[in-house]
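These notes concern the structure reproduced below.
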Protein chains: 2
Amino acid sequence: MITALDVHDVRFPTAVAGDGSDAINRGDYSATYVSLKTDRGVEGAGFTFTNGRGNEITCAAVRALAHHVVGRSVEEIFASPVAFWRSLSADVQLRWLGPEKGVIHMATGAIVNAVWDLRAKLEGKPLWRLLAEMPSDELVRCVDFHHITDALTPGEATAILDKGLSGMDDRRAELERDGFPSYTTSVGWLGYPDDKVRALTRQAYAEGWRAMKMKVGGPIDDDVRRARIIREEIGPDALLMMDANQVWDVDEAIANMARLAEFDPYWIEEPTHADDVLGHARIQRAVAPVRVATGEVAANRVIFKQLLQAEAIGVMQIDACRVGGVNEVLAEILMAAKFGVPICPHAGGVGLCELVQHLAVFDYLRVGATLEGRMVEYVDHLHEHFTDPVRTRDGRYLLPTEPGYSATMKPASIAEFSFPEGPAWR
Amino acid sequence: MITALDVHDVRFPTAVAGDGSDAINRGDYSATYVSLKTDRGVEGAGFTFTNGRGNEITCAAVRALAHHVVGRSVEEIFASPVAFWRSLSADVQLRWLGPEKGVIHMATGAIVNAVWDLRAKLEGKPLWRLLAEMPSDELVRCVDFHHITDALTPGEATAILDKGLSGMDDRRAELERDGFPSYTTSVGWLGYPDDKVRALTRQAYAEGWRAMKMKVGGPIDDDVRRARIIREEIGPDALLMMDANQVWDVDEAIANMARLAEFDPYWIEEPTHADDVLGHARIQRAVAPVRVATGEVAANRVIFKQLLQAEAIGVMQIDACRVGGVNEVLAEILMAAKFGVPICPHAGGVGLCELVQHLAVFDYLRVGATLEGRMVEYVDHLHEHFTDPVRTRDGRYLLPTEPGYSATMKPASIAEFSFPEGPAWR
């Protein structure tokens, strides 16, 4: 029985360092952190990520939704997982505040993630293993197919998951040996001067990274100059991804990518407004064979459905807590498999690496079944605040082994960085 | 100078009566009510509409944005209107919570609307007149064209507005004489039993209404039965609109509209998920000549842009406070004109009729320049709480004459219905 839901407004003062600065965001990485208390001595942890100011708004949204989970048991929730999910996402009064987008949906994600963390801890498994070992029909029963049946039916989802059982043990052994491929975003934030970009790129290459992402979307001449620096440092074979964080209009994106093409970008991420499915489709047609990538602020499964239907993306970047938690991410992973688009999860911020590694591993083990085109974003920030932080080796994520969703923050970190009363903010 | 921003959590206990019940919402009509205090003895009023629980979340969002408006003057704001609008919609930390959607964007709308109300009051004009009499280039300077230049350029917008000056005096005289056409939604809520639907339809017809909207999206046999009752009562010539409030999947919408076609619907509103541009386009192709209508929860101008580009709608239902206030609605009205789609604003709730009448009148006077296919929704609820309530005659809105945006709530109503401390909630 879940006896209480505590929510913590936890903020890390990252804005001053220029870390995480891009074309439109400059924030204090923050978490709307949910802790589910139970009468079984185990706590479920989940969160949604925010950018500093406004974290109190998502905290308020969590409080407004809390009554849907307090007083229920994990067994009861998973007996009717879609009914539970809809109790949050389709609450007859709160739905109006989205619907299924923005603050209220991010709060749903925080709570839903905490429920999955709790279940995984109770079963003594890391989340990726809990998911990978679930029977297909049980996984399918966790997905709300409402509004996506024109792209994926429950029967198709079951078939994908059944097929994924084949060879799973081999893939798991491979991951346990080698880890999961990743790329780094820590080299090319817009807030960094050129010499810092060059030094960080050189350092990352020396550390073994062969896929790096830079921010674009400043003055195009600056973007070109920085791209040249990075390509010089990494040589012709390493992958260079670019991320415009939605700053361009559609035609502007097409024109700017024509100039940046000489640096052989592997993908262009968020080339325009995140809601612009048709715009992404036009850009994808124009910039091919460069891939369009997006997803970190894609509001829900309906946006992802359309991006796939419109052939607007070549890389799908799921996020663990922008949408309504694990249940909705399952829908996205399954749709990506149906449409043959590889998943490269969005991470960074605070705790996002910890979460998405589980999703990427599940995708590989049970759904996508290939590493081709798969990489998890990696940013080396703030991992020290988690009890089960990501571990990497030679540019690869090592498999999590602790039970749960790796979402649990250290109590000392929560206390130190709680806003506004924590010592870090006084 | 705006010296302070007060926000009030005002809720009306409408859920118990079944008013406003549809396929997915059942709420206590509420307003996140913003009052801008000035040193000139005039207050600006604006709000966003919510459905009850959660109104405290949009109130928190308004507080998070308030520093962008307090300490500024109306003159300063309108000297750089897009810069002001972006200070809210593209705040480097708060934008993450949308972007430009849901709670944070609705809060932006409440504040922006209050600024326009304040300006209109200071100039002694109702908002529709303030807008209709503005020079074209000043109106265009109020629009943020970011992310919509592939659909509408500033030059195109100016040309539309210049053209709209022709004949405007005649159109204004016509509206002053006859009022603006409207339709009623008060007859067919899902919460009402059949005999109440029949009685309300008969009464509305007797009162002169020749366009009525019913809710659909329950069991299809119930929808068919209720459609038959209404069509029996209104005869073959009156318009019957249907509203599914997003409950159907795409193929389900197409199948159900095939069954409802015999009742000659004029439009089908929100046939599926509000974010599903491609789904609406498929439905529009399937149900033509019945028009697809949507917009009351369309998150922003980028969603509207795509609905128009994809030829997904035959009627565009702008909302006054779901998007970022008057500035963004101007973008939507201008795009609709460019694409030749008539605007029929969404109203109802609390105060929405008061607001959208100004937008519809401006559209007719200065942009669309025809009443063909134009109607404003009308619901006879809660007007008594406003100092300048809508007035109707024979199914038409009479032109507002008081200065401002008709957004000002009576102080006694604010006090009575403030949540949770007002007498109505104790």
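So here's what we get for this one:
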{"quantity": "Summed residue charge, Cβ within 12 Å of B:Arg63's Cβ, Lys/Arg positive, Asp/Glu negative", "calculated": "-3"}
{"quantity": "7 Å along Cα→Cβ, label-point gaps from A:Gly71 to other copies, nm, shortest first", "calculated": "4.5"}
{"quantity": "Global size of the range A:168-404 as Cα Rg and Dmax, reported in angstrom", "calculated": "17.0, 49"}
{"quantity": "Calculated FRET value between A:Val16 and A:Val42, using beta carbons and R₀ = 35 Å, to 0.05", "calculated": "0.40"}
{"quantity": "Listed peptides B:397-410, B:214-227 by packing density, highest first (mean Cβ within 10 Å)", "calculated": "B:397-410, B:214-227"}
{"quantity": "Peptide B:54-66, shielding by other chains (average Cβ, 10 Å cutoff)", "calculated": "6"}
{"quantity": "Per-peptide average of other Cβ atoms within 10 Å, ordering A:69-75, A:151-157, B:332-338 highest first", "calculated": "B:332-338, A:151-157, A:69-75"}
{"quantity": "7 Å along Cα→Cβ, label-point gaps from A:Asp169 to other copies, nm, shortest first", "calculated": "8.9"}
{"quantity": "Share, in percent, of DSSP beta bridges within the range A:168-404 that are antiparallel, nearest 5", "calculated": "15 percent"}
{"quantity": "For the range B:131-165 and the range A:312-360, distance of Cα centres in Å", "calculated": "39 Å"}
{"quantity": "Spacing of the two label points (7 Å from each Cα toward its C-beta) at A:Arg228 and B:Ala83, in nm", "calculated": "3.3 nm"}
{"quantity": "Set of aspartates and glutamates near B:Lys215 by C-alpha distance (under 13 Å), chain-local residues within fewer than 8 positions excluded", "calculated": "B:Asp19, B:Asp22, B:Asp194, B:Asp223, B:Asp243, B:Glu269, B:Glu270"}
{"quantity": "Surface per residue (accessible, 1.4 Å probe) for chain A, Å²", "calculated": "31 Å²"}
{"quantity": "The range A:71-208: radius of gyration and largest Cα-Cα distance (Dmax), Å", "calculated": "20.4, 56"}
{"quantity": "Ranked by how many other beta carbons lie within 10 Å on average, peptides A:2-15, B:253-266 from highest", "calculated": "A:2-15, B:253-266"}
{"quantity": "Whole-Hz couplings from phi, Karplus 6.51/-1.76/1.60, listed for the range B:414-426; x for Gly and Pro", "calculated": "4, 5, 5, 10, 5, 10, x, 8, x, x, 5, 10, 7"}
{"quantity": "Spread of Cα-to-Cα distances over 10 Å intervals beginning at zero, given as percent, for chain B", "calculated": "5, 23, 34, 27, 10, 1"}
{"quantity": "Lysines with Cα under 23 Å of B:Lys410, excluding same-chain neighbours fewer than 8 positions away", "calculated": "B:Lys37, B:Lys121, B:Lys125"}
{"quantity": "Counted charge near B:Asp6, where neighbours are those whose Cβ lies closer than 13 Å (Asp, Glu -1; Lys, Arg +1)", "calculated": "0"}
{"quantity": "Estimated [θ] at 222 nm from DSSP helical runs (n ≥ 4, -39500 (n - 2.57)) normalised by residues in the protein assembly as shown, nearest 500", "calculated": "-12500 deg cm²/dmol"}
{"quantity": "Spread of Cα-to-Cα distances over 10 Å intervals beginning at zero, given as percent, for the range A:277-426", "calculated": "11, 37, 31, 15, 6, 0"}
{"quantity": "Dipole in debye (nearest 20) - the protein assembly as shown, about Cα centre, beta carbon charges: Lys, Arg +1; Asp, Glu -1", "calculated": "320 debye"}
{"quantity": "Residues B:Ala424 and B:Thr153, FRET efficiency given R0 of 35 Å [Cβ-Cβ distance, rounded to 0.05]", "calculated": "0.10"}
{"quantity": "Per-residue average of Cβ from other chains inside 10 Å of A:144-150", "calculated": "6"}
{"quantity": "Length-normalised contact order of the range B:1-146 in % [C-alpha pairs under 8 Å, at least 6 apart]", "calculated": "26 percent"}
{"quantity": "About the Cα centre, charge dipole magnitude for the range B:300-426 (Lys/Arg +1, Asp/Glu -1 at Cβ), debye", "calculated": "260 debye"}
{"quantity": "Within-13-Å neighbourhood charge of A:Met134 [Cβ basis; K, R +1; D, E -1]", "calculated": "0"}
{"quantity": "Nm distances between copies for B:Pro236, ranked from closest, using label points 7 Å along Cα→Cβ", "calculated": "7.5"}
{"quantity": "Rough spin-label spacing in nm, given labels placed 7 Å along Cα→Cβ, for A:Lys410 and B:Lys163", "calculated": "6.5 nm"}
{"quantity": "Total charge dipole magnitude, chain B, about the Cα centre, Cβ charges on Lys, Arg, Asp, Glu only, Debye to nearest 20", "calculated": "220 debye"}
{"quantity": "Equivalent ellipsoid, the range A:213-258 (semi-axes from 5 times Cα gyration tensor eigenvalues, Å)", "calculated": "20, 10, 9"}
{"quantity": "Nearest-to-axis residue of chain B, judged by beta-carbon position, where the axis maps B onto A, in Å", "calculated": "B:Gly102, 1"}
{"quantity": "For residues of A:263-275, the mean tally of beta carbons on other chains within 10 Å", "calculated": "3"}
{"quantity": "Protein accessible area in the range B:168-406, 1.4 Å probe - carbon and sulfur %", "calculated": "48 percent"}
{"quantity": "Partner lysines for A:Lys338 [C-alpha distance under 17 Å; skip if fewer than 8 residues away on the same chain]", "calculated": "A:Lys163, A:Lys305"}
{"quantity": "Beta bridge orientation in the protein assembly as shown: antiparallel %, DSSP, nearest 5", "calculated": "50 percent"}
{"quantity": "Chains A and B together, accessible area buried on both sides, 1.4 angstrom probe, square angstrom", "calculated": "5400 Å²"}
{"quantity": "Mean projected area in nm² (Cα convex hull; one quarter of hull surface) for the protein assembly as shown", "calculated": "33.2 nm²"}
{"quantity": "Per-q log10 I(q)/I(0), the range A:203-342, q = 0.11, 0.12 Å⁻¹ (Debye; single scatterer per alpha-carbon; no solvent)", "calculated": "-0.40, -0.48"}
{"quantity": "Where labels lie 7 Å past Cα in the beta-carbon direction, separation of B:Asp264 and A:Lys196 in nm", "calculated": "6.9 nm"}
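The values are calculated or read from the model by the stated rules, or taken from the named source; none is laboratory data. This structure is a prediction, so every number in the text was calculated from the model and none was measured. Virtual Cβ from ideal backbone geometry, glycine too; neighbours counted across all protein chains shown. Only protein heavy atoms, including side chains, enter the accessible area calculation; ligands, DNA and RNA are left aside. Shrake-Rupley method; radii C 1.70, N 1.55, O 1.52, S 1.80 Å.
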